[in-house]
Amino acid sequence: MPQNPIVPRPGGSLSALNVSTKTAVKATGGTVYRVVVLQVATAGTFGVFDAATPGAATGATAIYEVSASWPAAGTVIYLEFPCRNGIVVDPGTGGAVSVSYA
């Protein structure tokens, strides 16, 4: 019997760091756990989508979407949201985020 069994990580086991353009961080189903705002967007919207490609990330697939001036840098957004199709993150124009997911 192993002495150090692997236990599930409640915050996700994968990450995408410093995402500065609309990006599919996972092209298949999964769970998005946290989004850390590194830099506030200057225009557009900030969003997280249940989509496999950036082109499929629209208002109809939005999990979380807000105007570019919010949230502030340093904000941690706790989602723990299951996604059927994939995970796309749009930090907005001039924005940057880091994402944890599984």
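The values are calculated or read from the model by the stated rules, or taken from the named source; none is laboratory data. Small disclaimer: the values here were computed from a predicted structure and weren't measured. Because the Cβ atoms are built from the backbone with ideal geometry, glycine has one as well, and the counts that use them run over all protein chains shown.
Quick look at the numbers
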item	result
In the range 48-76, the residues that are modelled with pLDDT under 95, touching a Phe, Trp or Tyr at 6+ places or on another chain (Cβ under 8 Å) and within 18 Å of residue 17 (Cα to Cα)	71
Exclusive hit being among the hydroxyl-bearing types (Ser, Thr, Tyr) and more than 11 Å from the chain's Cα centre (by Cα), set 67, 15, 100	67
Conditions (1) closer than 9 Å to residue 87 by Cα; (2) within 10 Å of the chain's Cα centre (by Cα); (3) of a type in the set (Val, Ile, Thr); number of the one not met by residue 28	(2)
Verdict on residue 21 being in a loop (DSSP other than H, G, I, E, B), more than 10 Å from the chain's Cα centre (by Cα) and in contact (Cβ under 8 Å) with a residue 60 or more places away in the chain	yes
Test result for residue 12, assigned to a loop (DSSP other than H, G, I, E, B) and in contact with a Lys or Arg (Cβ under 9 Å, 6 or more places away or on another chain)	yes
